[in-house]
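Engineer: To start, I am sharing the structure in question, which I have written as C-alpha coordinates.
The values are calculated or read from the model by the stated rules, or taken from the named source; none is laboratory data. All values reported here derive from a predicted model rather than from experimental measurement. Glycine also receives a Cβ, built like all others from the backbone with ideal geometry; neighbour counts cover every protein chain displayed. Side chains included, ligands, DNA and RNA excluded: accessible areas come from the protein's heavy atoms. Shrake-Rupley method; radii C 1.70, N 1.55, O 1.52, S 1.80 Å.
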Amino acid sequence: MAATNTEVWQAGTVVEAESLTAQTRRLVIAPALPRRAEPGTHIDVMVTINGERQKRSYSVVDSSEDGQQLAISVFLSPQSRGGAVFMQELQVGDRLEITQPLQNFPLRVGAPRYVLLAGGIGITAMVNMARVLRNIKAEYVLVYAGRSRAAMAYLPQLEELHGEALRVHVDDEGTALNVDELLAGVDPESELYMCGPIRLMDAVKRGWQARGLSLPNLRYETFGNSGWFDPEEFVVRVPRLGVEATVGAGKSMLEALEDAGVDVMFDCRKGECGLCEVRLLGVQGSIDHRDVFYSERQQHAAAKMCCCVSRAVSSDTGARSAAATERAVISIDL
Ligand code: FES
(Lines give C-alpha, C1' and ligand atoms only; values in the text may rest on other atoms or scores of the structure.)
Protein backbone atom coordinates (compact mmCIF):
# COMPACT_ATOMS: atom_id res chain seq x y z
CA MET A 1 0.00 0.00 0.00
CA ALA A 2 1.32 3.45 -0.80
CA ALA A 3 2.31 5.99 1.83
CA THR A 4 -0.21 8.61 2.86
CA ASN A 5 -0.11 11.70 5.01
CA THR A 6 -2.40 10.23 7.63
CA GLU A 7 -0.43 9.87 10.81
CA VAL A 8 -0.82 6.36 12.20
CA TRP A 9 1.33 5.88 15.26
CA GLN A 10 2.69 2.44 15.97
CA ALA A 11 5.49 0.67 17.78
CA GLY A 12 8.84 0.22 16.09
CA THR A 13 11.83 -1.86 17.16
CA VAL A 14 15.42 -0.98 16.32
CA VAL A 15 16.84 -4.01 14.52
CA GLU A 16 20.11 -2.51 13.27
CA ALA A 17 22.19 0.44 14.47
CA GLU A 18 25.52 1.46 12.98
CA SER A 19 27.66 4.58 12.71
CA LEU A 20 28.19 5.64 9.10
CA THR A 21 30.38 8.65 9.88
CA ALA A 22 31.58 10.31 13.05
CA GLN A 23 28.28 12.20 13.24
CA THR A 24 25.79 10.04 11.36
CA ARG A 25 24.12 6.94 12.70
CA ARG A 26 21.94 4.63 10.65
CA LEU A 27 19.01 2.96 12.36
CA VAL A 28 16.89 0.23 10.83
CA ILE A 29 13.48 0.02 12.45
CA ALA A 30 10.94 -2.81 12.20
CA PRO A 31 7.45 -1.28 12.41
CA ALA A 32 4.50 -3.11 13.90
CA LEU A 33 2.35 -2.20 10.86
CA PRO A 34 4.64 -2.55 7.86
CA ARG A 35 4.04 -0.28 4.89
CA ARG A 36 6.39 0.19 1.94
CA ALA A 37 8.13 3.56 1.88
CA GLU A 38 7.89 5.42 -1.42
CA PRO A 39 10.70 7.81 -2.44
CA GLY A 40 10.40 11.14 -0.61
CA THR A 41 8.69 9.71 2.45
CA HIS A 42 9.66 10.32 6.05
CA ILE A 43 8.58 8.96 9.38
CA ASP A 44 7.82 10.95 12.49
CA VAL A 45 9.35 9.61 15.65
CA MET A 46 8.37 10.39 19.22
CA VAL A 47 11.44 11.30 21.24
CA THR A 48 11.72 12.07 24.92
CA ILE A 49 13.65 15.17 25.92
CA ASN A 50 13.95 16.01 29.60
CA GLY A 51 10.99 13.77 30.24
CA GLU A 52 8.87 15.48 27.59
CA ARG A 53 7.58 13.78 24.44
CA GLN A 54 8.29 15.56 21.16
CA LYS A 55 7.98 14.69 17.49
CA ARG A 56 10.93 14.59 15.09
CA SER A 57 10.96 13.79 11.37
CA TYR A 58 13.46 11.62 9.49
CA SER A 59 13.59 10.72 5.81
CA VAL A 60 13.26 7.04 5.02
CA VAL A 61 16.61 6.29 3.42
CA ASP A 62 15.57 2.88 2.21
CA SER A 63 13.08 0.20 3.08
CA SER A 64 12.47 -3.43 2.32
CA GLU A 65 9.88 -4.12 -0.38
CA ASP A 66 7.35 -5.29 2.18
CA GLY A 67 8.00 -2.35 4.52
CA GLN A 68 9.10 -4.68 7.32
CA GLN A 69 12.28 -2.62 7.72
CA LEU A 70 12.65 1.15 7.45
CA ALA A 71 16.10 2.75 7.54
CA ILE A 72 16.67 6.31 8.72
CA SER A 73 19.83 8.22 9.55
CA VAL A 74 20.37 10.63 12.40
CA PHE A 75 22.91 13.44 12.26
CA LEU A 76 24.41 14.77 15.47
CA SER A 77 25.99 18.21 15.21
CA PRO A 78 27.43 20.28 18.07
CA GLN A 79 24.20 22.29 17.89
CA SER A 80 21.90 19.27 17.84
CA ARG A 81 18.88 19.56 20.03
CA GLY A 82 17.86 16.80 22.41
CA GLY A 83 15.99 14.81 19.75
CA ALA A 84 19.11 13.88 17.81
CA VAL A 85 20.90 12.92 21.01
CA PHE A 86 17.98 10.67 21.99
CA MET A 87 17.97 9.04 18.57
CA GLN A 88 21.73 8.55 18.41
CA GLU A 89 21.67 6.66 21.70
CA LEU A 90 19.16 4.06 20.51
CA GLN A 91 20.46 0.50 20.39
CA VAL A 92 19.29 -2.73 18.78
CA GLY A 93 16.24 -3.98 20.63
CA ASP A 94 15.05 -0.55 21.76
CA ARG A 95 11.43 0.26 21.03
CA LEU A 96 10.02 3.60 20.03
CA GLU A 97 6.86 5.18 18.66
CA ILE A 98 6.86 5.96 14.96
CA THR A 99 4.39 6.83 12.24
CA GLN A 100 3.93 4.95 9.04
CA PRO A 101 5.83 6.52 6.10
CA LEU A 102 4.39 9.98 5.39
CA GLN A 103 4.64 11.66 2.03
CA ASN A 104 5.15 15.36 1.42
CA PHE A 105 8.04 15.21 -1.05
CA PRO A 106 6.76 12.95 -3.84
CA LEU A 107 8.85 12.02 -6.85
CA ARG A 108 6.95 12.68 -10.05
CA VAL A 109 7.71 9.88 -12.42
CA GLY A 110 7.73 10.86 -16.10
CA ALA A 111 9.90 13.96 -16.25
CA PRO A 112 12.40 13.95 -19.13
CA ARG A 113 15.35 14.69 -16.84
CA TYR A 114 16.01 14.92 -13.12
CA VAL A 115 18.56 16.63 -10.93
CA LEU A 116 18.70 15.39 -7.35
CA LEU A 117 20.69 17.72 -5.11
CA ALA A 118 21.76 16.81 -1.60
CA GLY A 119 23.77 18.86 0.86
CA GLY A 120 25.19 16.98 3.85
CA ILE A 121 22.63 14.92 5.73
CA GLY A 122 20.07 15.97 3.10
CA ILE A 123 21.31 12.92 1.20
CA THR A 124 18.94 10.85 3.32
CA ALA A 125 15.99 12.25 1.37
CA MET A 126 17.66 11.45 -1.95
CA VAL A 127 19.00 7.92 -1.61
CA ASN A 128 15.67 6.24 -2.28
CA MET A 129 14.72 8.68 -5.06
CA ALA A 130 18.00 8.11 -6.88
CA ARG A 131 17.64 4.35 -6.58
CA VAL A 132 14.14 4.46 -8.07
CA LEU A 133 15.23 6.72 -10.94
CA ARG A 134 18.08 4.34 -11.72
CA ASN A 135 15.75 1.34 -11.60
CA ILE A 136 13.29 2.90 -14.04
CA LYS A 137 16.19 3.99 -16.28
CA ALA A 138 15.33 7.67 -15.99
CA GLU A 139 17.79 10.33 -17.05
CA TYR A 140 19.15 11.77 -13.81
CA VAL A 141 22.15 13.13 -11.98
CA LEU A 142 22.62 12.94 -8.25
CA VAL A 143 24.63 15.90 -6.97
CA TYR A 144 26.03 15.38 -3.48
CA ALA A 145 27.85 18.19 -1.67
CA GLY A 146 29.61 17.89 1.66
CA ARG A 147 32.43 19.24 3.79
CA SER A 148 34.67 16.17 3.55
CA ARG A 149 34.33 12.67 2.16
CA ALA A 150 34.65 11.24 5.65
CA ALA A 151 31.57 13.21 6.71
CA MET A 152 29.43 12.20 3.73
CA ALA A 153 27.14 9.34 4.68
CA TYR A 154 26.35 6.67 2.08
CA LEU A 155 29.02 7.94 -0.32
CA PRO A 156 30.67 4.56 -1.09
CA GLN A 157 27.29 2.90 -1.72
CA LEU A 158 26.17 5.76 -3.97
CA GLU A 159 29.40 5.67 -5.98
CA GLU A 160 28.97 1.98 -6.57
CA LEU A 161 25.30 2.20 -7.51
CA HIS A 162 25.18 5.38 -9.57
CA GLY A 163 28.62 5.57 -11.20
CA GLU A 164 28.83 8.56 -13.50
CA ALA A 165 25.34 9.73 -12.59
CA LEU A 166 26.79 10.77 -9.22
CA ARG A 167 28.57 14.13 -9.00
CA VAL A 168 30.40 14.72 -5.76
CA HIS A 169 31.46 18.15 -4.46
CA VAL A 170 33.72 18.25 -1.44
CA ASP A 171 34.62 21.51 0.28
CA ASP A 172 37.96 20.37 1.69
CA GLU A 173 39.04 19.05 -1.73
CA GLY A 174 38.44 22.44 -3.33
CA THR A 175 35.50 21.17 -5.36
CA ALA A 176 32.71 22.94 -3.49
CA LEU A 177 29.41 23.10 -5.30
CA ASN A 178 28.92 26.18 -7.47
CA VAL A 179 25.16 26.72 -7.64
CA ASP A 180 25.35 29.01 -10.69
CA GLU A 181 27.30 26.40 -12.63
CA LEU A 182 24.87 23.69 -11.56
CA LEU A 183 21.83 25.68 -12.66
CA ALA A 184 23.47 26.75 -15.92
CA GLY A 185 23.35 23.07 -16.89
CA VAL A 186 19.67 22.65 -16.03
CA ASP A 187 17.32 22.79 -19.01
CA PRO A 188 13.70 24.00 -18.71
CA GLU A 189 12.32 20.46 -18.87
CA SER A 190 14.34 19.18 -15.91
CA GLU A 191 12.90 18.72 -12.45
CA LEU A 192 15.17 19.46 -9.52
CA TYR A 193 14.64 17.86 -6.11
CA MET A 194 16.76 19.03 -3.22
CA CYS A 195 17.36 18.66 0.47
CA GLY A 196 20.14 20.30 2.42
CA PRO A 197 21.17 23.34 4.42
CA ILE A 198 18.90 26.35 4.07
CA ARG A 199 21.73 28.46 2.58
CA LEU A 200 22.16 25.98 -0.25
CA MET A 201 18.44 25.66 -0.89
CA ASP A 202 17.97 29.41 -0.76
CA ALA A 203 20.76 29.93 -3.32
CA VAL A 204 19.18 27.36 -5.61
CA LYS A 205 15.72 28.93 -5.25
CA ARG A 206 17.07 32.38 -6.11
CA GLY A 207 19.06 31.08 -9.07
CA TRP A 208 16.08 29.06 -10.28
CA GLN A 209 13.84 32.12 -10.25
CA ALA A 210 16.53 34.33 -11.80
CA ARG A 211 16.75 31.94 -14.75
CA GLY A 212 13.00 31.92 -15.19
CA LEU A 213 12.81 28.16 -14.72
CA SER A 214 9.44 26.61 -13.95
CA LEU A 215 8.72 26.85 -10.22
CA PRO A 216 6.69 23.60 -10.05
CA ASN A 217 9.80 21.83 -11.37
CA LEU A 218 11.72 22.82 -8.23
CA ARG A 219 10.85 20.62 -5.27
CA TYR A 220 12.47 20.46 -1.90
CA GLU A 221 12.33 18.89 1.51
CA THR A 222 13.26 20.74 4.64
CA PHE A 223 13.42 19.65 8.20
CA GLY A 224 13.93 23.22 9.35
CA ASN A 225 17.08 22.60 11.26
CA SER A 226 19.68 24.74 9.57
CA GLY A 227 19.85 28.49 9.27
CA TRP A 228 21.86 31.35 7.90
CA PHE A 229 23.87 31.67 11.09
CA ASP A 230 25.24 29.33 13.71
CA PRO A 231 22.81 29.06 16.59
CA GLU A 232 23.56 31.31 19.56
CA GLU A 233 22.08 31.70 22.98
CA PHE A 234 19.53 34.52 23.05
CA VAL A 235 16.81 35.91 25.26
CA VAL A 236 13.11 35.93 24.46
CA ARG A 237 10.65 38.12 26.37
CA VAL A 238 6.88 37.96 26.39
CA PRO A 239 5.97 41.28 28.07
CA ARG A 240 2.24 40.56 28.21
CA LEU A 241 2.89 37.46 30.29
CA GLY A 242 5.85 38.85 32.21
CA VAL A 243 8.00 35.98 30.92
CA GLU A 244 11.70 36.06 30.07
CA ALA A 245 13.49 32.91 28.95
CA THR A 246 16.98 32.09 27.74
CA VAL A 247 17.12 30.06 24.55
CA GLY A 248 20.30 27.98 24.58
CA ALA A 249 22.16 27.26 21.35
CA GLY A 250 20.96 23.67 21.43
CA LYS A 251 17.32 24.48 22.11
CA SER A 252 14.51 25.96 20.03
CA MET A 253 12.63 29.07 21.06
CA LEU A 254 9.45 26.99 21.19
CA GLU A 255 11.07 24.58 23.64
CA ALA A 256 12.35 27.45 25.79
CA LEU A 257 8.89 29.03 25.89
CA GLU A 258 7.32 25.69 26.79
CA ASP A 259 9.87 25.22 29.57
CA ALA A 260 8.88 28.67 30.87
CA GLY A 261 5.25 27.57 31.03
CA VAL A 262 4.06 29.50 27.99
CA ASP A 263 1.33 27.79 25.99
CA VAL A 264 2.34 27.95 22.30
CA MET A 265 0.43 26.34 19.46
CA PHE A 266 2.45 24.12 17.16
CA ASP A 267 2.18 21.19 14.81
CA CYS A 268 5.08 20.33 12.54
CA ARG A 269 7.98 21.75 14.60
CA LYS A 270 9.92 22.08 11.34
CA GLY A 271 9.03 25.48 9.99
CA GLU A 272 6.37 24.35 7.54
CA CYS A 273 2.89 24.88 8.97
CA GLY A 274 3.17 28.37 10.54
CA LEU A 275 1.10 27.37 13.59
CA CYS A 276 3.81 28.41 16.01
CA GLU A 277 3.89 31.95 14.64
CA VAL A 278 4.73 34.70 17.13
CA ARG A 279 4.55 38.47 16.60
CA LEU A 280 7.77 40.41 17.00
CA LEU A 281 7.52 43.48 19.21
CA GLY A 282 11.22 44.34 19.30
CA VAL A 283 14.57 42.88 18.32
CA GLN A 284 18.05 43.60 19.61
CA GLY A 285 20.07 41.74 17.00
CA SER A 286 18.67 40.01 13.94
CA ILE A 287 16.24 37.23 13.15
CA ASP A 288 17.54 34.07 11.52
CA HIS A 289 14.43 32.84 9.72
CA ARG A 290 14.70 29.08 9.24
CA ASP A 291 11.15 28.32 8.14
CA VAL A 292 9.75 27.61 4.71
CA PHE A 293 6.35 28.97 5.66
CA TYR A 294 6.89 32.69 5.02
CA SER A 295 7.78 34.30 1.72
CA GLU A 296 11.09 36.10 1.46
CA ARG A 297 9.20 39.41 1.67
CA GLN A 298 7.45 38.38 4.88
CA GLN A 299 10.75 37.29 6.38
CA HIS A 300 12.37 40.61 5.54
CA ALA A 301 9.45 42.47 7.12
CA ALA A 302 10.56 40.93 10.46
CA ALA A 303 7.07 41.23 11.94
CA LYS A 304 6.52 37.54 12.65
CA MET A 305 8.54 34.37 13.03
CA CYS A 306 8.04 30.64 13.41
CA CYS A 307 9.37 29.98 16.89
CA CYS A 308 9.86 26.23 16.36
CA VAL A 309 12.87 26.75 14.10
CA SER A 310 13.74 30.44 13.70
CA ARG A 311 16.15 32.10 16.07
CA ALA A 312 17.72 35.41 17.02
CA VAL A 313 21.38 36.21 16.49
CA SER A 314 23.42 39.07 17.88
CA SER A 315 25.03 40.02 14.57
CA ASP A 316 23.81 39.87 11.00
CA THR A 317 27.31 39.59 9.58
CA GLY A 318 27.10 35.83 9.32
CA ALA A 319 29.31 35.09 12.29
CA ARG A 320 29.39 36.19 15.86
CA SER A 321 31.98 38.96 15.74
CA ALA A 322 34.14 40.19 18.60
CA ALA A 323 31.97 43.30 18.67
CA ALA A 324 28.83 41.24 19.00
CA THR A 325 29.38 40.07 22.56
CA GLU A 326 25.85 40.91 23.72
CA ARG A 327 23.20 38.26 23.44
CA ALA A 328 20.34 39.01 21.11
CA VAL A 329 17.07 39.87 22.83
CA ILE A 330 13.66 39.64 21.23
CA SER A 331 10.25 40.63 22.55
CA ILE A 332 7.26 38.78 21.24
CA ASP A 333 3.55 38.31 21.66
CA LEU A 334 1.53 35.23 20.88
S1 FES B 1 5.12 24.26 14.36
FE2 FES B 1 4.89 24.28 12.22
S3 FES B 1 6.03 26.02 11.59
FE4 FES B 1 6.41 25.86 13.71
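Engineer: Restrict the check to the range 311-330 and report whether at least one residue is touching a residue at least 12 places away in the same chain (Cβ under 8 Å) and within 14 Å of the ligand (Cβ to nearest atom).
Structural biologist: Looking for residues that are touching a residue at least 12 places away in the same chain (Cβ under 8 Å) and within 14 Å of the ligand (Cβ to nearest atom), one finds at least one in the range 311-330, hence yes.
Engineer: State the number of residues belonging to the range 245-271 that are under 13 Å from residue 333 (Cα atoms), open to solvent by 20 Å² or more (accessible area, probe 1.4 Å) and within 10 Å of the ligand (Cβ to nearest atom).
Structural biologist: 1
Engineer: For the range 277-297, give me each residue that is modelled with pLDDT under 85 and surrounded by fewer than 16 Cβ atoms within 10 Å (Cβ to Cβ).
Structural biologist: Passing the criteria: 295, 296, 297.
Engineer: For residue 298, which of the numbered conditions (1) assigned to a helix (DSSP H, G or I); (2) more than 22 Å from the chain's Cα centre (by Cα) fails to hold?
Structural biologist: (2)
Engineer: Quick check: anything in the range 83-101 within 19 Å of residue 127 (Cα to Cα) and charged (D, E, K, R)?
Structural biologist: Checked the range 83-101: no residue is within 19 Å of residue 127 (Cα to Cα) and charged (D, E, K, R).
Engineer: Out of 118, 145, 125, 130, which single residue is closer than 14 Å to residue 220 by Cα, touching a His at 6+ places or on another chain (Cβ under 8 Å) and open to solvent by less than 20 Å² (accessible area, probe 1.4 Å)?
Structural biologist: Of 118, 145, 125, 130, the one residue that is closer than 14 Å to residue 220 by Cα, touching a His at 6+ places or on another chain (Cβ under 8 Å) and open to solvent by less than 20 Å² (accessible area, probe 1.4 Å) is 125.
Engineer: Sticking with this structure for a sec: Report whether or not residue 104 is open to solvent by 30 Å² or more (accessible area, probe 1.4 Å) and in contact with a His (Cβ under 9 Å, 6 or more places away or on another chain). Spell out the reasoning first.
Structural biologist: Working: open to solvent by 30 Å² or more (accessible area, probe 1.4 Å): yes; in contact with a His (Cβ under 9 Å, 6 or more places away or on another chain): yes.
Taking the combined requirement at face value, the residue satisfies it.
Engineer: I would also like to ask the following. Being aliphatic (A, V, I, L, M), touching a Gly at 6+ places or on another chain (Cβ under 6 Å) and either more than 13 Å from residue 31 (Cα to Cα) or not assigned by TED's automatic domain parsing to the domain that holds residue 44 (or both): is that true of residue 107 here?
Structural biologist: Yes.
Engineer: Separate question: Residues 242, 274: which one is at pLDDT below 95 and either more than 14 Å from the ligand (Cβ to nearest atom) or not assigned by TED's automatic domain parsing to the domain that holds residue 126 (or both)?
Structural biologist: Of 242, 274, the one residue that is at pLDDT below 95 and either more than 14 Å from the ligand (Cβ to nearest atom) or not assigned by TED's automatic domain parsing to the domain that holds residue 126 (or both) is 274.
Engineer: Might you let me know whether the range 181-193 holds any residue that is under 21 Å from residue 42 (Cβ atoms), of a type outside the set (A, V, I, L, M, F, W, C) and outside the structural domain of residue 42 (by TED's automatic domain parsing)?
Structural biologist: Within the range 181-193, one or more residues are under 21 Å from residue 42 (Cβ atoms), of a type outside the set (A, V, I, L, M, F, W, C) and outside the structural domain of residue 42 (by TED's automatic domain parsing).
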